[in-house]
Each structure stands twice: as structure tokens, then as C-alpha cells.
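K.L.:
Quick one: structure below, then a few questions.
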Amino acid sequence: MPVYARAGVTWVWLVEPAARSLEVFHLNGRKRYEQEQGFSDGEMVRALPFDAIVLELAALREGVARDEGART
């Protein structure tokens, strides 16, 4: 994520399909990412900075699986 930090990207979501998780990181004043939130499969997610929207974590994973199937 150092490239994102140098570019000033303030929020990063890491979706791990195999682990069925989502981690949300925020760029602090020292230009380092700190984990703000973590979610597991089956959870309804309100992930920063888009916490006004409720997402189903399983739906994010399914979207990745569809994309991977399209490559074969």
C-alpha cells in the first residue's frame, strides 16, 4: 500500500475472497495506514467512509468470483 500512501489515497479496502473478510484502512498524519474496521463473512457492513450504505460482505465476494470465472 505504500504507493497509495504516496499518492495520498486516504481510505483503502482490502477484500480477501479466500478469507471471506474485508479490512478498512485509513491514512494517518504520518502517511501510514491504520486499520479502522474489520468484517467477516456473513456480516452486513457499514464500511468507512461509505458507512451510510449497508453492504452484504458475501455479495462482494460473489462479485469477485464472477470476475474470476470470466477470465477462464
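The values are calculated or read from the model by the stated rules, or taken from the named source; none is laboratory data. Only a predicted model underlies this, so the values are computations on that prediction, with no experimental measurement involved. Cβ: placed from backbone, ideal geometry, glycine included. Neighbour counts: every protein chain shown.
K.L.:
Could you grab the pairs with beta carbons closer than 7 Å, sequence gap of 6+ or different chains, first residue in segment 10-23 and touching a residue at least 40 places away in the same chain (Cβ under 8 Å), second one among the aliphatic types (A, V, I, L, M)?
P.N.:
Hits for this filter: Val15/Leu22; Val15/Leu60; Val15/Val64; Pro17/Val64; Pro17/Ala65.
K.L.:
OK, next. I'm checking my understanding of the structure. Among residues of segment 34-54 that are assigned to a loop (DSSP other than H, G, I, E, B) and β-branched (Val, Ile, Thr), which one is nearest to Ser21 (Cα to Cα)?
P.N.:
Val54
K.L.:
Look through segment 9-39, keep the residues that are at pLDDT below 95 and small (Gly, Ala, Ser), and return whichever of them is surrounded by the fewest Cβ atoms within 10 Å (Cβ to Cβ).
P.N.:
Among those that are at pLDDT below 95 and small (Gly, Ala, Ser), it is Gly29.
K.L.:
Pairs please, first residue from segment 29-40 and without any contact (Cβ under 8 Å) to a residue 12 or more places away in the chain, second anywhere and part of a strand (DSSP E or B) and surrounded by 14 or more Cβ atoms within 10 Å (Cβ to Cβ), Cβ atoms under 7 Å, 6+ apart in sequence or on different chains.
P.N.:
Listed by first residue and then by second, the contacts come to Glu34/Phe25; Glu34/His26.
K.L.:
Being within 19 Å of Leu55 (Cβ to Cβ) and among the basic types (Lys, Arg) is the filter here, so list the residues in segment 9-43 that pass it.
P.N.:
Arg20, the sole residue that qualifies.
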